[in-house]
Structure formats: structure tokens, C-alpha cells
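Trainee: Attaching a single structure in C-alpha cells format; questions to follow.
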Amino acid sequence: MSPKSEQATHESSKQAMLSVKNLGGIDSSSIEFTPGVTLLTGRNATNRTSLLRALNGALGGTEATLKSDADEGKATLTLGDDEFTRTYTRTSSGVTPEGTPYTDAEILVDYFSTLLENNPARRAVERGDDLHDVIMRPVDTEEIEQRIRKLQREKEDLEAEYDRVQERRDTLPQLKERRRTLQDEIATIDEEIASLRDDLADVDADPEAAEDADALVDELDARRQELRDTEDDIELIESELDALRDELGSAQADREEVPEHSEDPAAINSELESLREQKRQYDNTISTFRTIVEFNEELLNEDGHDLPGIDSDNESVTSALAPEASRNVVCWTCGSQVEHGEIQDRLDDLRTMIEEKQTECTEITERIDELEASLESINQQQTRREELDRTIEETQRKLDRRENRREELQQSAADLREQIQELESKVAETQELRESDLLETYERVSDLEYERGQLKQELDEVEEEIANIDALPTPGELETQLDELSTEIERERTRIADLESEAVEQFNTHMNDILQILEYENIARVWIEQKTNQRTRGRPAETVFDLHVVRETDDGAVYEDVVTHLSESEREVIGLVVALAGHLAHEAYEVVPFMLLDSLEAIDADRIAALVEYFSDYAPHLTVALLPEDADSLPEGYERISAESFDSS
């Protein structure tokens, strides 16, 4: 930790001004602060706390509140040439803060720089809560864990790089040996090429002529093979032509065997349509006659009937319906008197007509079947003729194409025979040149040059790999980087523990100093013990800060007491020291130039004076809200601002 003289220098030389509008109970006010201690004096309910809360908001805290009858408020802090503003706007969902405060370290401002009555450290002591959660609140453990994971990945990558470098460096002896081998092989090839070129220099023959002679043989072989292939193609075409001619003859013969019909399909269709209409009419007539006959038979066979207009109980009607032929009945269609026998005769006539109509209908049906069969035969023969015509036409086209192709191949064969004759003459003329070893010598030189090129390419790659390995970091350099990363990882891992130890040390040191300064006679010692709870099922081990209070009796005996037994004044002092320990452990003085104190009424005036003097060493601006009688006990050199000098409406 830096010494006091260095801790209090941050922003110490800058004059400050705070402008407040519509915050807390203040309508509008502007207050200047000089570096050092500033006392806000006045009775209770004079908006001293409202001013401190507004200053907290401008610094970046959460204490400022919008005036209840205002829709917008603002706090502006001016430090030197810099201005920091926080505005508060009332919306349907609440009050929304905006603007640019002095810092975005909200927790440092609220927990360790703004020590008002509701300060978390002061309240934790009052309630007996675990102080570890309060003091370590600004520490982002997730961020530290992410940092550790990032460093661990870097270390793993570096370790992999170290292994890769080592592996590549281990190949250096083999690479250098391979380089020497390649250089020797290239030198041997160079010597053989030089010797062969000397041999070629003694020969007058043109190497290109030798190559041309061998090329003639190759070309002759190619033309002979091409002629054989062409002749095979001609033979295949001839076979295909024979097959197509047979197919064409068969199709033509089948076409001649299909008879031509003299009947007109249109006339047949017309007659069919007429006959079908006649058959429908006969069917309707027969159906109608049958219905009439069946209806009358039913009426004649029944004892009574329920025809409308004729009473079924009337004896004359009943007797009229009797089966005797001589008996008269009333016709149920026209109402006239007719004999029973006449009705039977009429029904017999209808039955005869039905039979005649059925006979005629059967003849029509037979004629329809005959015409349909004839029409089906005509259609089948027509379809067969069309299929055969298409087959004959397509087969003839294939024959034409094959004959054209045969003519082309025969011409190609004739041309190839002429070329072969010419090549055979040229090959005979160059036989002596082919029998010499000139061409083999040139081929050997060409092969050696190709081999030399391959070896030279491999040599270049080997030399490049050697150069790349030589350019790699040395194992010592990589080991140094690994050590640095390991140290940084360990430092991050112990960062939380170091902060915990630092906070405990700060509290114990300053608590001891303040107890001596404030002279609480019956308190021998107040100190924090850092402990680790044992791991329980499902929960990791946790660090806790146990607050111990040791009292001393009048006869010098000491015993441990609990915080709840302390006076309100003593608890408030301990809470302030807890906040101061967090302020120093997290170096809040480097981030926030103000420390704000309020609600000290439980502490007597002399001890307030000692506390203010002690705390003034750890903040460039210490602003304290006091009652007038408590302020009177503080040195005259402190700046005083009366509550009457700013709006208290």
C-alpha cells in the first residue's frame, strides 16, 4: 500500500463545484469545495444529506433521488476544467439516470466513498452481517476467472509451440545430412551430364534427325493401328446394315398383310348413335308399360284400395273390384263404368306390346354389338398399319445413316493405306540412323537433367526448412515466456486472496489506530479474522471475515464480546473503519476524489473531530455533514458551508 502522502495527492489540487437542481429536497444550489475537509453544518432536515446524495450521483453512485414534485433533475460536478453531469428523468417506468458521471465504478463510490447512514459497510456491522461480502463486492470474480482461462489458453498454446519448436529442432541433424547427400548426388549427375555432352560433341549426326526417325516408326505404328480400327468399324457397319435390311423387309411384308377395310368409320359411328338412341326410347317405353301393368295388377288383386275420391268401405266399389269378369267396376282413372274383363284384356294387350318391344330392343342391341365389333377391328388394323409405317420409315433412316458412315470409313481407310505406304518408304530410308545410340544418349541426358531438377528442388526445400528452423525462437526464449505466463496466472489466482488479506490488514491496522485515538476505555481490541468455511455438499468452500471484539475490565482482565453488545457510537466507528479498509484495499482514492461522511450524531463531538482528521489523510476531498455543535469541536481551518447557504426548500 502506498504511504499516506501519496494516497491523498489524487485530484488534491483541483477546486470543485457542485451544482444541483431538483434533487432530494433541493430546488437549485451551487456549492464550491476546496481540497481538504469541507463541513456541511446545519440542523437536521436542512438538506445536507440531499447535497451529499447529489454529489454521490455526480461521482457515479446511486444515492441521488429526484425531487418528488419534479420531472427532471441534474447534478453537475466541476473539477478544474472538467465537468461531469448526471441527469434524472421521470418516466412511466420510474426515474432514469443519464449523462456522464465522474466514474463508472459505481460500487467503489457507493460502498467506500459515500459513507452515509445507509452505507453497506456501516449497516453490515450494525446487523452483524458477514463483512467479506461487503468488502469484496467490487471484485469481479468472473472477470478474474476469464482472465485466468485466457492466460491458461495462451500458456497451452505456448507449450504446444515449445514442443513443436523442439520437435523441429530435433530434425536439424537429419536435414543437414540430407542436404549434404543431395549436394553430392547433384554433383555426380553434373559430372555424368558433362561426360555425355562431350560424347555428343564428337558425333556429326543431327540429334533432331534421330528423333524424327524414331518418330516416323511411332507414327507408322499409329497409322496401322488406326487402319485396323477403321476396318473393324466398317465390318461392324456391314453387320448392322444386314440386320436393318432384314428388319425393313419384315416390316414391309407385315404391312402388305394388313387388309384395307371398305367400311366408313364415320358412317358406322353415325349408325351406332342412332341405334343407341332407339334403344334408349324402347327401354323407356317398356319401363313405362311395365309400371302400368304392375300397378293395375296390384289394384285388381287387392280387396280394397285407398284411391282418392272412392270410399273403400262402399259395397258397390268392393263388388266392382271382385274378380268375376261380368261384374262392373268404376274405372279409377276416368270414373266410368267398365267390366272387370275388359280391364284384364287391356292388360294382356299391354303385355303383348311389352314383348314385341323387347324383341325389337334385342335386335337393336345385337346390331349395336355387331357395329362396335366392326369398328374395333377397323381401329386395330388402322393402328397396326400406322405402327408398321413408322417402323419402315425409321428403319430406312437408319439404313441411310449407316450407308453414309460406311462410305466415310471406306474413304478414311483408303487415305490411311496411302499414308502407310509413304511412311514405310521413309522408315526404310532412316533405318541406319535409328540403329545408332545417338538418340539414347540424348534421352539419357534429358533424364539426368530432369533428375537433377528434382534433386535441386528437394535441396531448396531442405535449405528453406533449415533456415525456418534457425529463425524459430530458442527454447530458452520460450521457457522465459512460459515462466512469465505461469507467474501471471498465479498472480491472478492469488489476486482475490491478496485483496482479502489486504482488506483484513487495513482494517486491523486502522481499527487499532482509531481505538487508541478515540480512547474507548473498555475496548481492548477490535479485529477481523479471515477464515475459510469447510466445503459442504453442493457448495464450495467460502472465505468469511469474523469480526472479534475484545473488552477489558477495570482490573485488566480481557474477554471476547459480540458486536451487538457495543454502543451505537462504537458500532458506527467500526462500520466507518470497515468502509475505510475497503477504500484502501481497492485503492478507491485513485478512482474517486471525494469521501462523504454523514449521520455521525451517535459519536461524541471530540471523537468526530479525531475521526475526521484521521480520514482526511485518505481522500483529496473529505465532505462531512455535521450538526453545528459537533462542527464547533473541529479545527477552524476546515472549510465550513452552512445549510442556510444552499436551497433547503
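Trainee: Six or more apart or on different chains, Cβ under 9 Å: which pairs go from a residue in the stretch 269-295 that's not assigned by TED's automatic domain parsing to the domain that holds E342 to one that's surrounded by 14 or more Cβ atoms within 10 Å (Cβ to Cβ)? Could you list them?
Mentor: Partner pairs satisfying both residue conditions: none exist.
Trainee: Tell me yes or no: at least one residue of the stretch 79-102 is closer than 25 Å to S642 by Cα, β-branched (V, I, T), at pLDDT below 95 and part of a strand (DSSP E or B). Explain how you work it out, then say what you get.
Mentor: The initial filter retains those residues of the stretch 79-102 that are closer than 25 Å to S642 by Cα, namely 79-80, 83-86.
Restricting the remaining residues to those that are β-branched (V, I, T) gives 85.
From what's left, at pLDDT below 95: none.
Within the stretch 79-102, not a single residue is closer than 25 Å to S642 by Cα, β-branched (V, I, T), at pLDDT below 95 and part of a strand (DSSP E or B).
Trainee: Filter the stretch 286-316 for residues that are among the small types (G, A, S) and modelled with pLDDT under 75; which is surrounded by the fewest Cβ atoms within 10 Å (Cβ to Cβ)? Walk me through how you get there before you give the answer.
Mentor: Initial filter on the stretch 286-316 (among the small types (G, A, S)): 287, 304, 309, 312, 316.
The next check asks that each one be modelled with pLDDT under 75; those that pass are 304, 309, 312, 316.
Values: G304: 14, G309: 7, S312: 13, S316: 12.
That would be G309.
Trainee: Please identify the pairs in which a residue from the stretch 26-43 that is of a type in the set (A, V, I, L, M) has its Cβ atom under 6 Å from the Cβ atom of a residue that is in a strand (DSSP E or B) and crowded, with 21+ Cβ neighbours inside 10 Å, counting only partners at least 6 apart or on another chain.
Mentor: Close Cβ pairs (under 6 Å, with a partner that is in a strand (DSSP E or B) and crowded, with 21+ Cβ neighbours inside 10 Å) amount to I26/V20; I31/L18; V37/L622; L39/V624; L39/L626; L40/A625.
Trainee: Hey, does the stretch 377-397 have a residue that's modelled with pLDDT under 85, surrounded by 13 or more Cβ atoms within 10 Å (Cβ to Cβ) and within 28 Å of R280 (Cβ to Cβ)?
Mentor: Yes: the stretch 377-397 contains one or more residues that are modelled with pLDDT under 85, surrounded by 13 or more Cβ atoms within 10 Å (Cβ to Cβ) and within 28 Å of R280 (Cβ to Cβ).
Trainee: While we're on this one: Return the pair list, or none, for Cβ contacts closer than 8 Å from residues in the stretch 142-153 that are surrounded by 14 or more Cβ atoms within 10 Å (Cβ to Cβ) to residues that are among the acidic types (D, E), at least 6 apart or on different chains.
Mentor: I144/E492; R147/E492; I148/E492; L151/E488; L151/E492
Trainee: Among (1) modelled with pLDDT under 95; (2) surrounded by fewer than 21 Cβ atoms within 10 Å (Cβ to Cβ), where does E72 come up short?
Mentor: Going through (1) modelled with pLDDT under 95; (2) surrounded by fewer than 21 Cβ atoms within 10 Å (Cβ to Cβ) one by one, E72 breaks only (1).
Conditions (1) touching a residue at least 40 places away in the same chain (Cβ under 8 Å); (2) touching a strand residue (DSSP E or B) at 6+ places or on another chain (Cβ under 6 Å), marked per residue:
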position: R571; (1), (2): yes, no
position: V577; (1), (2): yes, no
position: A588; (1), (2): yes, no
position: V591; (1), (2): yes, no
position: D598; (1), (2): yes, yes
position: A609; (1), (2): no, no
position: Y618; (1), (2): yes, no
position: P628; (1), (2): yes, yes
position: Y638; (1), (2): yes, yes
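One line per residue, one yes/no per condition, for (1) modelled with pLDDT under 90; (2) part of a loop (DSSP other than H, G, I, E, B); (3) farther than 21 Å from H132 by Cβ:
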position: V544; (1), (2), (3): yes, no, no
position: R551; (1), (2), (3): yes, no, yes
position: G575; (1), (2), (3): no, no, no
position: G582; (1), (2), (3): yes, no, no
position: P635; (1), (2), (3): no, yes, yes
position: I641; (1), (2), (3): no, no, yes
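Trainee: A follow-up question, please. Among (1) at pLDDT below 80; (2) crowded, with 16+ Cβ neighbours inside 10 Å, which single condition is R434 missing?
Mentor: Checking R434 against (1) at pLDDT below 80; (2) crowded, with 16+ Cβ neighbours inside 10 Å, the one that fails is (2).
Trainee: Give T114, T96, T103 a once-over and let me know the one that is surrounded by fewer than 19 Cβ atoms within 10 Å (Cβ to Cβ) and in contact with a strand residue (DSSP E or B) (Cβ under 6 Å, 6 or more places away or on another chain).
Mentor: On the way: T114 fails: surrounded by fewer than 19 Cβ atoms within 10 Å (Cβ to Cβ); T103 fails: in contact with a strand residue (DSSP E or B) (Cβ under 6 Å, 6 or more places away or on another chain).
Of T114, T96, T103, the one residue that is surrounded by fewer than 19 Cβ atoms within 10 Å (Cβ to Cβ) and in contact with a strand residue (DSSP E or B) (Cβ under 6 Å, 6 or more places away or on another chain) is T96.
Trainee: Among the numbered criteria (1) at pLDDT 90 or above; (2) closer than 30 Å to A58 by Cα, which one does D606 miss?
Mentor: (2)
Trainee: Does the stretch 438-459 contain at least one residue that is within 39 Å of the chain's Cα centre (by Cα), modelled with pLDDT of 75 or more and basic (K, R)? Let's see the steps before the verdict.
Mentor: To start, the set of residues in the stretch 438-459 that are within 39 Å of the chain's Cα centre (by Cα) comprises none.
No: zero hits.
Trainee: Related question: Which of (1) assigned to a strand (DSSP E or B); (2) of a type in the set (S, T, Y); (3) more than 26 Å from E106 (Cβ to Cβ) is the odd one out, the single condition T623 does not satisfy?
Mentor: Going through (1) assigned to a strand (DSSP E or B); (2) of a type in the set (S, T, Y); (3) more than 26 Å from E106 (Cβ to Cβ) one by one, T623 breaks only (3).
The values are calculated or read from the model by the stated rules, or taken from the named source; none is laboratory data. Remember, it's a predicted structure, so these values are computed and weren't measured experimentally. Cβ coordinates were reconstructed from backbone atoms using ideal geometry, including for glycine residues, and neighbour counts include every protein chain displayed.
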